[in-house]
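Since the structure comes first, as structure tokens, the remarks are kept for the end.
The values are calculated or read from the model by the stated rules, or taken from the named source; none is laboratory data. These figures come from a predicted structure and were not determined experimentally. For neighbour counting, all protein chains shown are included, and Cβ atoms are generated from backbone atoms with ideal geometry for every residue, glycine included.
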Amino acid sequence: MYLKHLTGLNYRNLRECDLLFSPKFNCFLGSNGMGKTNVLDAIYYLSFTKSHLNAVDSQLIHHDEEFFMLQGEYELAGQDEVISVAVKRRAKKQFKRNKKDYQRMSDHIGLIPAVLISPSDQYLIDEGSDERRRFMDVVISQYDKPYLMSLMRYNQALQSRNTLLKQDDMLDVAMLEIYEMQMAAEAEYIYARRKEFIEGFTPVFEQFYGAIAGNAEHVELHYKSHSEQGDLAPLLAECRVRDHAIGYTTRGSHKDDLEMLLDGYPIKRTGSQGQNKTYLVALKLAQYVYLKRVTRQMPLLLLDDIFDRLDAQRVKNIVDLVASDEFGQVFITDTNRNHTDQLMAQVDSEVKIFNVENGNVVLI
């Protein structure tokens, strides 16, 4: 699977683009703020029905314009596929596959699998458990549709329980029991799928970290969940009074976490900038390979400014990895033409290099 052709109008600072891509390497060069990341974000949008950079669609429309449009032409399992989106101010988003509207945006997730590696991935290490759960959810949802539905139902029940907890009145125990039973039922499935994912994913991640770092350090991932204790319903019932006092639910799948260790210690406390970057790149490359194995498709790989803070050997190791047959189409942003030329000189694949300046993207 690969993206052959991307067209767009008024997407962030990309006023107009019409780009034909290499099935292997596509590099976007330019100074910071010129629009390189916006090209990758447009590709990301067509995979996930939303931007990685901004959750509000109307804010993606170029200044003073009334709409943005994106269209991607793909080769998918030997067939041509056209995915398009149009967003107008004060109007419903139109997202289409081969000119037919989707009934639900969630129906599209997984059709065009993609993996993005960007500077914002640092949040996986620095921020709270929300980011790490989102990482698991994004991966699993691309190959397990029932998981995405279960997650949505769980979150609806959680929201309803929290609404009751925020009320100053006496607890409505009967209604709480209904929501807690719903949460517990979905939590069982969510826990099983997350546990299964981490068990299969961790060896792949460890292998990639070792390949990039030269086996200089040892890494681990540990999945933590209240569901390890069994049925969630009794745990929710046990903490009702406390939850009512603070106004939200303190146990459940929405509190799961992924412990990230480097040489036996939390990487958040002990990792250098280079080790953190290596950890995150290894996570995402492992995500790519895991998705490829379970979906039997080659996801798109989007590398946004990933070589900063890495020594030359680790950069070379990453390029060697993604140039292999294990990986398919790759999109890379960089600020240095000489650096890009040196990296691409070591690969034996078709390379297209684009210059990006003030939102204008031109093949070099």
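Contact map, the stretch 91-106: residues that are closer than 17 Å to Tyr74 by Cα paired with residues that are part of a helix (DSSP H, G or I), Cβ distance under 7 Å, separation 6+ or inter-chain. Pairs shown: Phe95/Met105.
Considering only residues in the stretch 240-267 that are of a type in the set (Val, Ile, Thr) and within 23 Å of Arg134 (Cα to Cα), the one that is surrounded by the fewest Cβ atoms within 10 Å (Cβ to Cβ) turns out to be Thr250.
One line per residue, one yes/no per condition, for (1) more than 26 Å from Gly110 (Cβ to Cβ); (2) part of a loop (DSSP other than H, G, I, E, B):
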position	(1), (2)
Met298	no, yes
Leu301	no, no
Ile306	no, yes
Arg309	yes, yes
Val315	yes, no
Asp320	yes, no
Asp325	no, yes
Gly328	no, yes
Phe331	no, no
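Report yes if some residue within the stretch 334-343 is among the β-branched types (Val, Ile, Thr), surrounded by fewer than 17 Cβ atoms within 10 Å (Cβ to Cβ), within 15 Å of Phe28 (Cβ to Cβ) and modelled with pLDDT of 95 or more; otherwise report no. Within the stretch 334-343, none of the residues are among the β-branched types (Val, Ile, Thr), surrounded by fewer than 17 Cβ atoms within 10 Å (Cβ to Cβ), within 15 Å of Phe28 (Cβ to Cβ) and modelled with pLDDT of 95 or more.
Inspection of the stretch 218-239 finds no residue satisfying the criterion of being charged (D, E, K, R), surrounded by 19 or more Cβ atoms within 10 Å (Cβ to Cβ) and more than 22 Å from the chain's Cα centre (by Cα). Being without any contact (Cβ under 8 Å) to a residue 60 or more places away in the chain and assigned by TED's automatic domain parsing to the domain that holds Val330 holds for only one residue in Lys24, Lys50, and it is Lys50.
Here is a yes/no grid of residues against (1) touching a His at 6+ places or on another chain (Cβ under 7 Å); (2) outside the structural domain of Tyr290 (by TED's automatic domain parsing); (3) at pLDDT below 95; (4) assigned to a loop (DSSP other than H, G, I, E, B):
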site	(1), (2), (3), (4)
Asp80	no, yes, no, no
Ser84	no, yes, no, no
Val87	no, yes, no, no
Lys92	no, yes, yes, yes
Phe95	yes, yes, no, no
Gln103	no, yes, yes, yes
Ile109	no, yes, yes, yes
Asp137	no, no, no, no
Tyr143	no, no, yes, yes
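Within the stretch 130-181, restricting attention to residues that are aromatic (Phe, Trp, Tyr) and under 30 Å from Lys292 (Cα atoms), which residue is nearest to the chain's Cα centre (by Cα)? Within the stretch 130-181, the match that is nearest to the chain's Cα centre (by Cα) is Phe135. Of the residues making up the stretch 247-289, those that are on the phi > 0 side of the Ramachandran plot and in contact with a helix residue (DSSP H, G or I) (Cβ under 8 Å, 6 or more places away or on another chain) are Gly247, Gly252, Asp263.
Considering only the stretch 1-75, give the strands (runs of 3 or more DSSP E) lying wholly within it that have at least 1 residues that are of a type in the set (Lys, Arg). Once the strands (runs of 3 or more DSSP E) in the stretch 1-75 are filtered for at least 1 residues that are of a type in the set (Lys, Arg), what remains is 2-11, 14-20. When Met152, Met175 are checked against the criterion of being touching a Leu at 6+ places or on another chain (Cβ under 9 Å), surrounded by fewer than 17 Cβ atoms within 10 Å (Cβ to Cβ) and not in a loop (DSSP other than H, G, I, E, B), Met175 stands alone in meeting it. If you go through the stretch 1-32 one residue at a time, how many are within 21 Å of the chain's Cα centre (by Cα) and closer than 16 Å to His63 by Cα? The number of residues fulfilling the criteria is 2.
Could you look through the stretch 322-364, keep only residues that are among the acidic types (Asp, Glu) and farther than 25 Å from Leu14 by Cβ, and pick out the one that is farthest from the chain's Cα centre (by Cα)? For the stretch 322-364, the residue satisfying everything is Asp348.
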